[in-house]
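The values are calculated or read from the model by the stated rules, or taken from the named source; none is laboratory data. For clarity, every value in this text was computed on a predicted model and none was experimentally measured. Neighbour counts run over all protein chains shown; Cβ positions are idealised from the backbone, glycine included. These area figures cover heavy atoms from the full protein model, side chains too; ligands, DNA and RNA do not enter into them. Shrake-Rupley method; radii C 1.70, N 1.55, O 1.52, S 1.80 Å.
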Amino acid sequence: MKTDVNGRDSKTDAAYQLLRREILSARLPAGAALRPTALKASYGLGWTPVREALARLEAERLVVYRRNHGFAVAPVSSEELDDLRRARQAIELPLLKEAMENGDANWEAELVAAHHRLLRCKLPVDDPSEEALTQWEQLHAAFHRALLQAAVSKWLLRFQAQIHEQLARHHRVLAILPTLRSKQEGADEAREVLRDAMNPQHHTELLNAVLERNVDKALQLMIEHTGTTMEVFERTSAVQERTSPGQATKLPALRARASERPTTPTKARPKASTASDKIRKTRSA
């Protein structure tokens, strides 16, 4: 009996991990119906593992259940993206401050290594393949995990991981994939907006502020960085609306709020010193 239970748990976990990956990567698109019969046939899963996996995913808000309709992939929206942005700031800003106060030389070394790997990664705007996008997402996430690794609050770190996964799915569905796949007039302009958002210079500036233990600067850069995806979504949607009226995703509430925010002209960013320079300065001080 014990073997049967363990075997069932193993199959359920495999089904859960598989469906979770499909949802987070948007291969199962937002709003798609998740009928157990279809999932069983498409993925070769058993009835019980499918049902238990869907229940777990519902608890994580990656799946929703509607009466008389059954399970479906959780929808995405501009409102939820903005809500997740605010939640991310509420969680990550104190975590970053905590990490900067507690981080040691080993933490610095891991952070510099994560930044180096991200710098060497090809941007998805230059290679829009699924493999390139997945690699960039993984290395980008690894850099942000490394930033917070020295924080001591385990509960905040758990919340941060959950928010990050929800944000990553919203980023893909609302900003990245529509921009990379668009063949409409103005698509090149939208891709340049995305390129600027993915520019590793943003991460280099953040890294340098963290290594200098400049808390105020690091927190301000993090606030700016967490708002990048919302800006990309708004600007690329504006390009689509201008070049192909009626085709862009509508942003009724957020467009109004965005228009109330003060805008500043984009300035060329000065070349930042390298991470290794900052470490040498810190250690020689």
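Rounded, prolate or oblate: which one fits the range 1-107, using the alpha carbon gyration tensor with axes a ≥ b ≥ c (rounded when a/c is under 1.5, else prolate when a/b beats b/c, else oblate)?
Taking the square roots of the gyration eigenvalues as a ≥ b ≥ c, the range 1-107 is oblate.
For the range 55-113, with every protein chain kept in place, what is the accessible area per residue (1.4 Å probe, Å²)?
Values: 3110 Å² over 59 residues.
The answer is 53 Å² per residue.
Classify the range 51-186 as rounded, prolate or oblate, taking a ≥ b ≥ c as the square roots of the eigenvalues of its Cα gyration tensor: rounded when a/c is under 1.5, otherwise prolate if a/b is larger than b/c and oblate if not.
Cα axes put the range 51-186 in the oblate bin.
First compute the accessible area of the range 1-155 with a 1.4 Å probe, then give the percent of it belonging to carbon and sulfur atoms.
On the range 1-155, the fraction of accessible area on carbon and sulfur atoms equals 50 percent.
Hey, rough spin-label estimate for residue 142 and residue 47, points 7 angstrom out along Cα→Cβ, what's it come to in nanometres?
Calculated label separation equals 4.3 nm.
7 Å from Cα along Cα→Cβ at both residue 18 and residue 161: what's the point-to-point distance in nm?
Placing both labels 7 Å along Cα→Cβ, they lie 2.4 nm apart.
Based on the Kirkwood radius over alpha-carbon pairs, what is the Stokes-Einstein translational diffusion coefficient of the range 27-73 at 25 °C with 0.890 mPa s viscosity, in µm²/s?
Taking Rh from Cα pairs, D becomes 229 µm²/s.
Can you give the three extents of the C-alpha atoms in the range 81-152 along their principal axes, from longest to shortest, in whole Å?
Between the extreme Cα coordinates on each principal axis of the range 81-152 lie 39, 33, 12 Å.
Rounded to a whole number of µm²/s, how large is the Stokes-Einstein D of the range 46-113 at 20 °C and 1.002 mPa s, given Rh as the Kirkwood radius over C-alpha pairs?
138 µm²/s
Highest mean first, how do 97-107, 136-146 rank when packing is the count of other Cβ atoms within 10 Å averaged over residues? Write down the numbers at each step before the final one.
Numbers: 97-107: 15.3, 136-146: 18.3.
Per-residue Cβ counts within 10 Å, averaged per peptide and sorted highest first, yield 136-146, 97-107.
Whose amide H sits under 5 Å from the amide H of residue 151, counting only residues 5 or more places off or on another chain, with H placed in the peptide plane?
For residue 151, whose amide H was placed from the backbone, the distant partners under 5 Å are 99.
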